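The values are calculated or read from the model by the stated rules, or taken from the named source; none is laboratory data. Because the structure is a prediction, the values reported are computed rather than measured. Every residue, glycine among them, receives a Cβ derived from its backbone with ideal geometry; neighbour counts consider all protein chains shown. When the accessible area is computed, the model is the full protein with side chains, heavy atoms only, and any ligands, DNA or RNA have been set aside. Shrake-Rupley method; radii C 1.70, N 1.55, O 1.52, S 1.80 Å.
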Amino acid sequence: MWAGQLSGHKAWVEHCSFSSNLTRLASCSGDGTVRVWDVDQQKCLAVLAGHTAEVWSCHWHPKQFNLLCSSSSDHSVIVWDVEREQALFVLREHEDTVWCCRFSPDGSLLVSTSSDKTVKLWCCDQLPARKPELVATLERRSDALECAEFSPDCLLLCTVCRDGNIRLWKMSHNQRDMNELTSEQTVGDTGTPHSPCHFADKLHLRELSPVCESPDTSEDVFCETSQSILHITLYCQLRRRRAWVRACAFSPLDSHLLATCSSDGRICVWSTDQRRLIHELCGHKNIVWSCVFLRHKHLGLVLVSCSSDQTIRLVLDQHSYI
């Protein structure tokens, strides 16, 4: 049942994002604007016009409810002051369309991905007083970088590429953590085995063997922020055949469960600590554009996906599709 409809954009709506306090919704569009909506009153609070081309992504700062970032075909990322309806900072380091921008869950970093085949990481720990500083360029791939997501604990960064590669990066913020990277401990190790949640499509599930490449330590990156030295190291590379990987999402419960969706209509669920593919969900009949984990008070952990086959699918922890 529809709770309401928000109208105002002059072209297709590409993406939307709730603020962390769930009171406001941001949407971005092919009309080059970002609109901010009051969820309860279902009215537009602000129209953010600063991009000169289509806007593909928008995301709220997790702690400063007045700050929002967006990315566009104009090669830029903009950090907005929503109350003033103005662009605080325009980040122009990319050389092509910027498909995705995300703040980290602690608000200290911002990541952006682009058709220029790079992923860029920005230090945001002094927002809004100072402009985000570019601290690392993580990828120089053979194809466009489509999406990136931080894990809930900020220890992992996932980047996905149109060539089918999925990369997991470990992030460490202080000297002690950097020393620990020389040990054999891997991301997710807590001294006890972790049992990942099991998602399955009852009719189409296939369990698969590990699909992982060893990390290349030559891709380690050290960069300095205002509060610490950040060490970023390639943890593992997961391969998804030759399908275009469109999006990725971590479980909100921890960093151990990751979902990706792709152009072949499949959704893959990965264990990040085991570095392997757990399940492959094959119910969609066309490109799967997005996927996200949700916590529901009655249904538990739910994986939601949307596709060009004109369907939205929900996968429940109880191994069933809705």
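Here are a few things to note about the model shown:
- A count restricted to the stretch 65-85 and to residues that are under 23 Å from residue 148 (Cβ atoms) and in a strand (DSSP E or B) stands at 10.
- Residue match in the stretch 99-112 (condition: assigned to a strand (DSSP E or B), buried (at least 20 other Cβ atoms within 10 Å of the Cβ), touching a Lys or Arg at 6+ places or on another chain (Cβ under 6 Å) and of a type in the set (Gly, Ala, Ser)): yes
- Top-ranked residue in the stretch 122-134 [being over 27 Å from residue 251 (Cβ atoms) and assigned to a strand (DSSP E or B); ranked as least open to solvent (accessible area, probe 1.4 Å)]: 134
- Lone unmet requirement of (1) outside any loop (DSSP other than H, G, I, E, B); (2) open to solvent by 10 Å² or more (accessible area, probe 1.4 Å); (3) closer than 26 Å to residue 153 by Cα; (4) not aromatic (Phe, Trp, Tyr) for residue 62: (1)
- Considering the stretch 250-265, the residues that are under 16 Å from residue 155 (Cβ atoms) and surrounded by 20 or more Cβ atoms within 10 Å (Cβ to Cβ) include one that is modelled with the lowest pLDDT, namely 255.
- Scanning the stretch 271-305 for residues that are open to solvent by 50 Å² or more (accessible area, probe 1.4 Å) and among the hydrophobic types (A, V, I, L, M, F, W, C), we see that the one that is modelled with the lowest pLDDT is 299.
- Whichever residue in the stretch 34-47 is β-branched (Val, Ile, Thr) and part of a strand (DSSP E or B) and, among such residues, is farthest from residue 63 (Cα to Cα): 47
- From 140, 162, residue being at pLDDT 75 or above, open to solvent by 10 Å² or more (accessible area, probe 1.4 Å) and basic (Lys, Arg): 162
- Taking each residue of the stretch 2-14 that is closer than 18 Å to residue 41 by Cβ and looking for partners that are modelled with pLDDT under 95 with beta-carbon atoms closer than 7 Å, six or more apart or interchain, yields 4/42; 6/42.
- Of the residues making up the stretch 1-33, those that are open to solvent by less than 50 Å² (accessible area, probe 1.4 Å), among the aliphatic types (A, V, I, L, M) and not in a loop (DSSP other than H, G, I, E, B) are 25, 26.
- Residue match in the stretch 153-162 (condition: among the charged types (D, E, K, R), farther than 29 Å from residue 66 by Cα and touching a Leu at 6+ places or on another chain (Cβ under 6 Å)): no
- Checked against (1) at pLDDT below 95; (2) farther than 23 Å from residue 294 by Cβ; (3) open to solvent by less than 10 Å² (accessible area, probe 1.4 Å), residue 146 passes all but a single condition, namely (2).
- Every pair of residues 6+ apart whose Cβ atoms lie under 6 Å, when the first sits in the stretch 237-256 and is under 14 Å from residue 143 (Cβ atoms) while the second is open to solvent by 10 Å² or more (accessible area, probe 1.4 Å) and not in a strand (DSSP E or B): 239/211; 243/263; 243/264; 244/162; 244/263
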